[in-house]
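See below for the structure under consideration.
The values are calculated or read from the model by the stated rules, or taken from the named source; none is laboratory data. This is a predicted model, so every value here is computed, not measured. Methodologically, a virtual Cβ is constructed for each residue, glycine included, from the backbone with ideal geometry; neighbour enumeration extends over all protein chains shown.
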Amino acid sequence: MSRLSWFNTVSLTLGFAFLYIPMIILIIFSFNESKLVTVWAGFSTKWYGELVQNEAFLDAAWVTLRVAVFSSTLATILGTAAAYVLVRGGRFFGRTLFSGMIYAPLVMPEVITGLSLLLLFIGIGLDRGILTIVLAHTTFSMCFVSVVVSSRLVTFDRSLEEAALDLGCSPGQAFRLVTLPIIAPAVVSGWLLAFTLSLDDLVIASFTSGPSATTLPIKIFSAVRLGVSPEINALSTLMIAVVTVGVITASLVTKRAMMRQKQDEQAAARTE
Amino acid sequence: MNTEVFAPWDDPQAKPLIQFQNVTKRFGAFTAIDNLSLDIYEREFFALLGPSGCGKTTMMRMLAGFETPTDGHILLGGQDIDPIPPNKRAVNMMFQSYALFPHLSIWDNIAFGLRRDNMPKRDLEERVEEMLRLTRLEQFARRKPHQISGGQRQRVALARSLAKAPKLLLLDEPLGALDKKLRQDTQFELMDIQEKTGTTFVIVTHDQEEAMTVASRVAVMDQGKLMQVATPDRIYETPNSVYVADFIGDVNIIEGRATAQGDENYRIDWAEGQPPLTASTATQLSDGQGCHLAIRPEKVAISAERPTDAINAIQGKVHDIAYLGNLSTYHVELPDGTIIKAQTANTRRISRRSFTWEDPVWLSWTATAAVLLEN
């Protein structure tokens, strides 16, 4: 281990302070005894207790979770299919246009996406609720899945699919038995990306949600407008904890898989 | 002992397994295969040989079903296979990249094709074990493809493509990824397995030595056309064109004009002030017709004095010597600047070599040593 120079130490500290001080303050104040957010009055976990009894927050959390699961699953199916056609479909008419258009929502301002979806739902007379949020989230997260999956498909050795066909697979079987298992890690990370995007989306959800369904970000945002309560701090801390655990688990799993593969290859080299 | 020679292509009664009937394949404006007809017989080990881009891979992909001919038909056992998709053909292919399924074990890779046929469990297990034994992979059955060496992967690919007992096995540059020593061993293994299983093999390669070693017949291709289809020895000894002579092995080409001199003998005038050469051929050449004389370096003798009984003898001086260990190739420069290669076996120690650089020498060969080719 080499020691960092003082300049590097300072830059690193500054950068990380910038990133994490807000969150650390939020976490500290979630354990505050006092009802006043900015005055420290001793350690307590009572706000977590109150949170568990707050029906409105729990309902919103449940809605958010369902929306995230359904929309990310739908987005993964549609995004993978789109990526497959765009990478594998050969040079069909309008391919360049289509591949440009599928990535356009990535840079589209969310307000515009939300507004256009709202107009659509009103136009076709669809009552706003969980279904409309799911559809809206699928729309905007599908292109992220498509980007992740198509970058994997580009490097996919096509002769693997040909080998599957050659050995008696129908094209559908070849996709299910060979292509999908091999690109599965990309599909899973596409799903995770869509899931997190849906979890913390505020703008599009506020356009497409109705009185019957409110997501957690909308709930927090409207609660904060009436003043920040320690309860909100507690809720946010829990969300940070969930995300942190998720990210660490995902990276550990990937790292272990990579290390195992490396060991296997070294073992193979020795037997030669 | 049964010493019957395997040569169904000489038997007019034999029915070919594969027939290319005036097959043309175009990709846009590019013609990959140009009105090509070819018969391949059962139990043959047939090699498609040519430089990259000559259309050999396209031929193979049409047999596998990944491409369909633009014109003409391909028949397998008398049946037109053009409309049959790859998964319905009794043809299997061994891919150049091996294309092993990385998420499946060696065992499951080999069983993959059998499972698609819904083979009963016991038969399937027996068949996979048989394939593992044939390719000496028993102890690797539970490993994944990335856990074994390149040579072992090559054998897995072979076992997987043979497992379904196809009528025809296609091998696309099967040994390209192996180093030279392993490649030579594997060539003999391939021939062994081909004989044991009695499967018809069609191999695509750009390595002429490989084609000569393994194949019962070789097709030399160039720009979508067949240049010559014959047994390896005939391709080597009696090439039908300068292209084939030049592509297979090393050769000296001398350009000249032919004049008939009695039965099948021709006098070749090839350079001002040089004595004419004599060559015999069954082909009819008219007097004064331009021709090429192709002579293999190992058929050219090199000596200090003019051999008294030599029919063809020319003088030159040693320009360069390529020492290959077992052989030496002398590059001899003729007075007009032409370089002729002569190869000799190094039966004596290198220090006792008879000739060295700049030595005047005589090159000689018999009337039948050279192949006379029309222009």
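A few notes on this one:
- Every pair of residues 6+ apart whose Cβ atoms lie under 7 Å, when the first sits in region A:212-232 and is at negative phi while the second is surrounded by fewer than 17 Cβ atoms within 10 Å (Cβ to Cβ) and among the basic types (Lys, Arg): A:Pro230/A:Lys35
- In this structure, A:Val203 qualifies as surrounded by fewer than 20 Cβ atoms within 10 Å (Cβ to Cβ) and either β-branched (Val, Ile, Thr) or in contact with a strand residue (DSSP E or B) (Cβ under 9 Å, 6 or more places away or on another chain) (or both).
- Exactly one residue out of B:Asn35, B:Asn87, B:Asn92 is in contact with a Cys (Cβ under 6 Å, 6 or more places away or on another chain) and either surrounded by fewer than 22 Cβ atoms within 10 Å (Cβ to Cβ) or within 9 Å of chain A (Cβ to nearest Cβ) (or both), and it is B:Asn87.
- Within region A:157-186, being buried (at least 19 other Cβ atoms within 10 Å of the Cβ) and either more than 11 Å from chain B (Cβ to nearest Cβ) or within 18 Å of the chain's Cα centre (by Cα) (or both) holds for one residue alone: A:Ala186.
- In the set (1) assigned to a loop (DSSP other than H, G, I, E, B); (2) farther than 14 Å from B:Ala163 by Cα; (3) within 14 Å of another protein chain (Cβ to nearest Cβ), the condition left unmet by B:Met119 is number (2).
- Qualifying helices (runs of 4 or more DSSP H) (wholly inside region A:35-116; at least 2 residues being within 23 Å of the chain's Cα centre (by Cα) and modelled with pLDDT under 85): A:95-107
- Residues located in region B:346-375, provided they are closer than 16 Å to B:Ile295 by Cα, out of contact with any Cys (no Cβ under 7 Å at 6 or more places or on another chain) and of a type outside the set (Val, Ile, Thr): B:Trp362, B:Leu363, B:Ser364, B:Trp365, B:Ala367, B:Ala369, B:Ala370
- Evaluation of B:Val220 against the conditions (1) outside any strand (DSSP E or B); (2) on the phi < 0 side of the Ramachandran plot shows that the sole unmet condition is (1).
- The set of residues in region B:138-155 being part of a helix (DSSP H, G or I) and in contact (Cβ under 8 Å) with a residue 12 or more places away in the chain consists of B:Phe140, B:Pro145, B:His146, B:Gly150, B:Gly151, B:Gln152, B:Arg153, B:Gln154, B:Arg155.
- Condition check for A:Ile182 on (1) touching a Pro at 6+ places or on another chain (Cβ under 9 Å); (2) among the aliphatic types (A, V, I, L, M); (3) within 30 Å of A:Ser236 (Cα to Cα): one failure, at (3).
- Residue in region B:337-350 that is closer than 23 Å to B:Gly273 by Cα, at pLDDT 85 or above, of a type in the set (A, V, I, L, M) and surrounded by fewer than 18 Cβ atoms within 10 Å (Cβ to Cβ) present: yes
- Test: residue in region A:44-59 that is exposed (fewer than 15 other Cβ atoms within 10 Å of the Cβ) and within 29 Å of A:Val147 (Cα to Cα): no
- Members of region B:97-113 found to be of a type in the set (A, V, I, L, M, F, W, C) and either modelled with pLDDT under 95 or not in a helix (DSSP H, G or I) (or both), listed by number: B:Ala99, B:Leu100, B:Phe101, B:Leu104
- Exclusive hit being assigned by TED's automatic domain parsing to the domain that holds B:Gly198 and more than 22 Å from B:Asp222 (Cα to Cα), set B:His73, B:His103: B:His103
- The one condition in (1) assigned to a loop (DSSP other than H, G, I, E, B); (2) within 11 Å of chain A (Cβ to nearest Cβ) that B:Asp82 fails to fulfil: (2)
- Any chance A:Val145 is surrounded by fewer than 18 Cβ atoms within 10 Å (Cβ to Cβ), farther than 18 Å from B:His103 by Cα and among the aliphatic types (A, V, I, L, M): no
- Screening A:Ile248 with (1) closer than 17 Å to A:Thr38 by Cβ; (2) out of contact with any strand residue (DSSP E or B) (no Cβ under 9 Å at 6 or more places or on another chain); (3) part of a helix (DSSP H, G or I) gives one miss only, at (1).
Per-residue answers, yes or no, for (1) at pLDDT below 90; (2) closer than 19 Å to B:Ala367 by Cα; (3) out of contact with any Lys or Arg (no Cβ under 9 Å at 6 or more places or on another chain); (4) not hydrophobic (A, V, I, L, M, F, W, C):
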| residue | (1), (2), (3), (4) |
| --- | --- |
| B:Ile268 | yes, yes, no, no |
| B:Ala271 | yes, yes, yes, no |
| B:Pro276 | yes, yes, no, yes |
| B:Pro297 | no, yes, no, yes |
| B:Ile311 | yes, yes, yes, no |
| B:Leu324 | yes, no, yes, no |
| B:Thr329 | no, no, no, yes |
| B:Val332 | no, no, no, no |
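- Failed condition for B:Trp9, given (1) among the aromatic types (Phe, Trp, Tyr); (2) modelled with pLDDT of 90 or more; (3) not in a strand (DSSP E or B): (2)
- For A:Ala194: the one exception among (1) part of a helix (DSSP H, G or I); (2) away from every other protein chain (no Cβ under 14 Å); (3) of a type in the set (Gly, Ala, Ser); (4) surrounded by fewer than 17 Cβ atoms within 10 Å (Cβ to Cβ): (4)
- Considering residues of region A:140-171 that are part of a helix (DSSP H, G or I), free of Cβ contacts under 8 Å to residues at least 40 places away in the same chain and among the polar types (S, T, N, Q) only, the residue nearest to B:Lys164 (Cα to Cα): A:Ser159
- Restricted to region B:225-249, and to residues there that are under 21 Å from B:Ala367 (Cβ atoms) and among the acidic types (Asp, Glu), the residue that is surrounded by the fewest Cβ atoms within 10 Å (Cβ to Cβ) is B:Asp233.
- Pairs where the first residue, in region B:48-68, is within 11 Å of another protein chain (Cβ to nearest Cβ) and at negative phi and the second is modelled with pLDDT under 95 and part of a loop (DSSP other than H, G, I, E, B), C-beta under 6 Å, 6+ apart: B:Arg61/B:Glu67
- Every residue from region A:176-202 that is hydroxyl-bearing (Ser, Thr, Tyr) and farther than 22 Å from B:Lys144 by Cα: A:Ser189, A:Thr196, A:Ser198
- Among the residues of region B:140-185, just one is at positive phi and either at the interface with chain A (Cβ under 9 Å from one of its Cβ atoms) or charged (D, E, K, R) (or both), namely B:Glu173.
- The set of residues in region B:95-112 being at the interface with another protein chain (Cβ under 8 Å from one of its Cβ atoms) and among the polar types (S, T, N, Q) consists of B:Gln96, B:Ser97.
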